[in-house]
Each structure stands twice: as structure tokens, then as C-alpha cells.
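> The structure is given below, and queries will be raised subsequently.
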Amino acid sequence: MARTIIYLDYGCSRKEAEKKAAQILTNDGYCEVEQDGEMIWMKGDVKLSGIRGIKVDYEDEKIKLSGWIKGLVGGETPLHGIAGAVTKKDVKKAIKKIEASISKS
């Protein structure tokens, strides 16, 4: 799995952080699904625009956000690099919204 991983300290309760992250992702068109034994947020279509994936894990006082894209050919691609730049930008934007909403000031 090739994923971009970001760790954030959250400035609210875990329950509130979970609620905010879920609301942001839902509003951005992501759906929570189980894939290969893990709960992830997905958006898109592999044939048309590619799959956008975000996984949110809660560890002690930190949130681990993993982001990636997946196209028709190949596996997961992290959010750096130029390939799939428009699709990657969409995932980065959602992650930034979560960061702004739950991070400690």
C-alpha cells in the first residue's frame, strides 16, 4: 500500500473529532466502506475519475490520516507526484479540511 500519511494532534474529544471528520468526508461525497478488513472512506469510480481513498485512525491523542488514489491500472498511489494531480488535489483538500477542523491551534 502506497499511502501518504499525516499525523495530527486534535484539540477536541475523540468523539467530536470522529464526528467532524465523518461530516467533512460525507459532505465531500465520500462513503465509508469496509475493504480488505479495514474501514476507509472512498469516493469516485475507478473507470472514470479514479478512486480517492482516506483512512482515519485514532491513536491516543493523535489522528492518523492516510490518503491515496487508485486508478484502473496499478495499486494505490500516494498523494505526491504529478500523476493524477487533479484527483490527488481532491484528497488533499479533504484532508486539509479535517486538519483545520480538529487540529490544536
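The values are calculated or read from the model by the stated rules, or taken from the named source; none is laboratory data. These numbers come from a predicted model, not from an experiment. Here the Cβ positions follow ideal geometry from the backbone for every residue, glycine too, while neighbour counts run over all protein chains shown. The protein model used for the area step is the full one, side chains on, heavy atoms only, and it has no ligands, DNA or RNA in it. Shrake-Rupley method; radii C 1.70, N 1.55, O 1.52, S 1.80 Å.
> With open to solvent by less than 60 Å² (accessible area, probe 1.4 Å), in contact with an Asp or Glu (Cβ under 8 Å, 6 or more places away or on another chain) and either among the hydroxyl-bearing types (S, T, Y) or within 16 Å of L8 (Cα to Cα) (or both) as the only criterion, which of K62, K55 stands out? Talk me through it step by step, then tell me what you get.
Working: K62 fails: open to solvent by less than 60 Å² (accessible area, probe 1.4 Å).
Residue meeting the stated conditions: K55.
> Taking the conditions exactly as written (surrounded by 20 or more Cβ atoms within 10 Å (Cβ to Cβ), under 20 Å from I24 (Cα atoms), charged (D, E, K, R) and touching a Leu at 6+ places or on another chain (Cβ under 7 Å)), does K88 satisfy them or not?
Here the answer is yes, as K88 does meet what is asked.
> To continue, here is another question. How many residues are within 13 Å of the chain's Cα centre (by Cα) and open to solvent by less than 40 Å² (accessible area, probe 1.4 Å) if we restrict to the range 65-85?
Here the count works out to 7.
> What residue, among those in the range 91-105 that are in contact with a Gly (Cβ under 9 Å, 6 or more places away or on another chain) and open to solvent by 30 Å² or more (accessible area, probe 1.4 Å), is modelled with the highest pLDDT?
Top of the filtered list is K92.
> Just checking, which of V33, V56 is over 13 Å from T87 (Cα atoms) and either touching a Pro at 6+ places or on another chain (Cβ under 7 Å) or in contact (Cβ under 8 Å) with a residue 12 or more places away in the chain (or both)?
Being over 13 Å from T87 (Cα atoms) and either touching a Pro at 6+ places or on another chain (Cβ under 7 Å) or in contact (Cβ under 8 Å) with a residue 12 or more places away in the chain (or both) holds for just one of V33, V56, which is V56.
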